[in-house]
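A.B. asks: Starting off with a structure, shown below.
The values are calculated or read from the model by the stated rules, or taken from the named source; none is laboratory data. Quick caveat, the model's predicted, so the values are computed rather than measured. We place every Cβ from the backbone using ideal geometry, glycine too, and count neighbours over all the protein chains shown. When the accessible area is computed, the model is the full protein with side chains, heavy atoms only, and any ligands, DNA or RNA have been set aside. Shrake-Rupley method; radii C 1.70, N 1.55, O 1.52, S 1.80 Å.
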Amino acid sequence: RSQPLLFGRCKIDGPNVIWYGDLSQSAITEKVKTGLFSSDTLTKGFRYNVGVQFALGRGGDTTPVALTRVWVGDKQVWTGSLASDGATADIDEPQLHGGDDKGNGGVQSTIEFYTGSSTQAVGTYLGLHQDSGAGTDRTPRYTGLSYVVARGLSVTDRGAYLGNSTSVKPWAFEAERFPVIFSGQAAGEHKIGTTECNPINVIYELITNTEWGFGFPAADVDTTNFTAAADVMITEANGFSMPITSTMESSEFLKLLEQQIDRKVYLDHRTGTWQIKLARDDYDIDLIPQPTDRNVKEVKDYTSGAWEDTTNTLPVTSGKRETDAESNVHYQDAFALAQHMGTAPQRGWVPVAQGTSDHRSD
């Protein structure tokens, strides 16, 4: 699978499991009476421990990944901040899935986190299992890849307790990564609030990144122009958070970002630099050349439009992050609907009273 690329704070569902092992099981027993003065011990199930390594996404020395939340199944089991290589946190929820008596057990684990830096060391727990056999230093450091390891709670000699069912509940993670500031920006201007990227910084990283981006030198970006555009994003609170989890062409990603900020990103061949032109109300219409019958010599291709070609309804979907009364964070799809009724009569729409459904939309 492709290594995900994270922007802002986002939820990673179905993280790539790149290793699992160290499986062990212990019997769950119950003492039952077999007679008036006798009893027997029966095995009614097993508790399963296994070590798991989850890949989160690409990191880096200047753009490290930080871990902020963990879910098992649909339940939040940890929240905080892990932002250094080898940092750990404990998840101690033995009754999470109903416990041994009434459900599928729970989860007990210490998680080890790595930011994806070039200096991260071999994971303590992974070194015991991925370094087996002859030779030494066989376990990768996974430099450039941020990952999480689930091992036994407060121990390094066994895997994490993941319940008493052979079907492991899915894990999910909330992580964040922010592109760095560029020349001309002040500290913090690469973010919108505390959880979103400034989309202009994402575009700058896309243009200059030599691994997955276009690979242009930083000198080829008009940072004065980019700084002005980034300031507009801050004023508009126009933030960007998204995990790129599947293969995508860099040019397609740029189009996605252009839609986000409503503008055009282009290489100005007069100056040889990348620039951004935002589509905003910052011009005088009287100063813009207008095509008229006086300055247009010939129209070679023209198709008359019809009212049926107009768009009256535009649905938009986006991700939404909400916090409930118990401080649990939920990610879900949000929907918005924009309608323009100006052409409704021409298209055969009939205004109806609220609560009825006798109308059309396109």
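A.B. asks: Return an integer: the convex hull volume of the alpha-carbon atoms of region 243-296, in Å³ per residue. It would help to have the intermediate numbers written out before the result.
C.D. replies: Values: hull volume 8.5 nm³, N = 54.
It comes to 158 Å³ per residue, whole-number rounded.
A.B. asks: On a straight-distance basis, which lysines could pair with Lys44 in a cross-link, Cα separation under 28 angstrom, same-chain partners fewer than 8 positions away excluded?
C.D. replies: Within the straight-line limit of under 28 Å, Lys44 reaches these lysines: Lys31, Lys33, Lys75, Lys102, Lys169.
A.B. asks: Whole angstrom only: what separates the Cα centroid of region 139-213 from the Cα centroid of region 89-119?
C.D. replies: 19 Å
A.B. asks: Just need log10 I(q)/I(0) for region 216-274 at q = 0.13, 0.17 Å⁻¹, Debye formula, equal scatterers on the alpha-carbon atoms, no solvent, rounded to two decimals.
C.D. replies: Computed log10 I(q)/I(0) values: -0.42, -0.71.
A.B. asks: Separate question: In angstroms, what radius of gyration and Dmax does the chain have, counting Cα atoms only?
C.D. replies: 27.8, 111
A.B. asks: Calculate, in nm to one decimal, what Lys102 and Thr195 gain on full extension: separation in residues at 0.36 nm each, minus their alpha carbon distance. Mind dumping the intermediate values first?
C.D. replies: Numbers: separation 93, 0.36 × 93 = 33.48 nm, distance 3.86 nm.
Here the segment from Lys102 to Thr195 would lengthen by 29.6 nm.
A.B. asks: How long are the three semi-axes of the equivalent ellipsoid for region 211-326, computed from the Cα gyration tensor as the root of 5 times each eigenvalue, in whole Å, largest first? It would help to have the intermediate numbers written out before the result.
C.D. replies: Numbers: eigenvalues 207, 123, 62 Å².
Here the semi-axes work out to 32, 25, 18 Å.
A.B. asks: Between the DSSP loop rule and a limit of at most 10 other Cβ atoms within 10 Å, which chymotrypsin sites (Phe, Trp or Tyr not before Pro) in region 44-95 are left? Let's see the in-between values first.
C.D. replies: Numbers: sites: Phe46, Tyr48, Phe54, Trp71, Trp78; in loops: none.
Here no chymotrypsin sites (Phe, Trp or Tyr not before Pro) fit, given the DSSP loop and packing criteria.
A.B. asks: Roughly how many Å² of Leu206 are accessible to a 1.4 Å probe, to the nearest 10?
C.D. replies: Counting only protein heavy atoms, the figure is 0 Å².
A.B. asks: Testing the spin-label approximation: label points 7 Å from Cα along Cα→Cβ at Asp309 and Lys264. State their distance in nm.
C.D. replies: Going from the Asp309 label point to the Lys264 one covers 2.1 nm.
A.B. asks: Got a sec? Which residues in region 146-176 would a label at Asp92 touch, if it sits 7 Å along Cα→Cβ and we count backbone N under 15 Å?
C.D. replies: 152-155, 161
A.B. asks: Over the chain, give the accessible area per residue in Å² for a 1.4 Å probe, as an integer. Mind dumping the intermediate values first?
C.D. replies: Values: 20890 Å² over 362 residues.
Dividing the accessible area of the chain by its residue count gives 58 Å².
A.B. asks: Moving to a separate point now. Kirkwood hydrodynamic radius, region 140-248, all distinct C-alpha pairs: what's the number in Å?
C.D. replies: On the way: mean 1/r = 0.0586 Å⁻¹.
Kirkwood hydrodynamic radius for region 140-248: 17.1 Å.
A.B. asks: If I take R0 = 25 Å and measure r between the Cβ atoms of Ile234 and Gln290 in this structure, what FRET efficiency does the formula 1/(1 + (r/R0)^6) give, to the nearest 0.05?
C.D. replies: Values: r = 34 Å, r/R0 = 1.34.
According to the calculation, E is roughly 0.15.
A.B. asks: What is the extension gain from Tyr20 to Tyr283, computed as 0.36 nm multiplied by their sequence separation minus the C-alpha to C-alpha distance, in nm to one decimal? Before the final figure, lay out the partial values.
C.D. replies: Working: separation 263, 0.36 × 263 = 94.68 nm, distance 5.87 nm.
Residue separation times 0.36 nm, minus the Cα-Cα distance, leaves 88.8 nm.
A.B. asks: Using the reciprocal of the averaged 1/r over all distinct C-alpha pairs, how large is the Kirkwood radius of region 52-176 in Å?
C.D. replies: Working: mean 1/r = 0.0664 Å⁻¹.
Evaluated over region 52-176, this radius sits at 15.1 Å.
A.B. asks: State the extension gain, in nm to one decimal, for the chain segment bounded by Ser81 and Lys300, taking 0.36 nm per residue of separation less the distance between their alpha-carbons. Don't jump to the answer; show the numbers that get you there.
C.D. replies: Working: separation 219, 0.36 × 219 = 78.84 nm, distance 6.14 nm.
Length gained, Ser81 through Lys300: 72.7 nm.
A.B. asks: Pairwise over distinct Cα atoms, reciprocal of the mean inverse distance: report the Kirkwood radius of region 263-344 in Å, one decimal place. Each step should come with its number before you reach the end.
C.D. replies: Details: mean 1/r = 0.0525 Å⁻¹.
Evaluated over region 263-344, this radius sits at 19.0 Å.
A.B. asks: Also: What part of the accessible area of the chain, given as a whole %, is carbon or sulfur when the probe is 1.4 angstrom? Mind dumping the intermediate values first?
C.D. replies: Details: 10360 of 20890 Å².
Percent of accessible area from carbon and sulfur atoms in the chain: 50.
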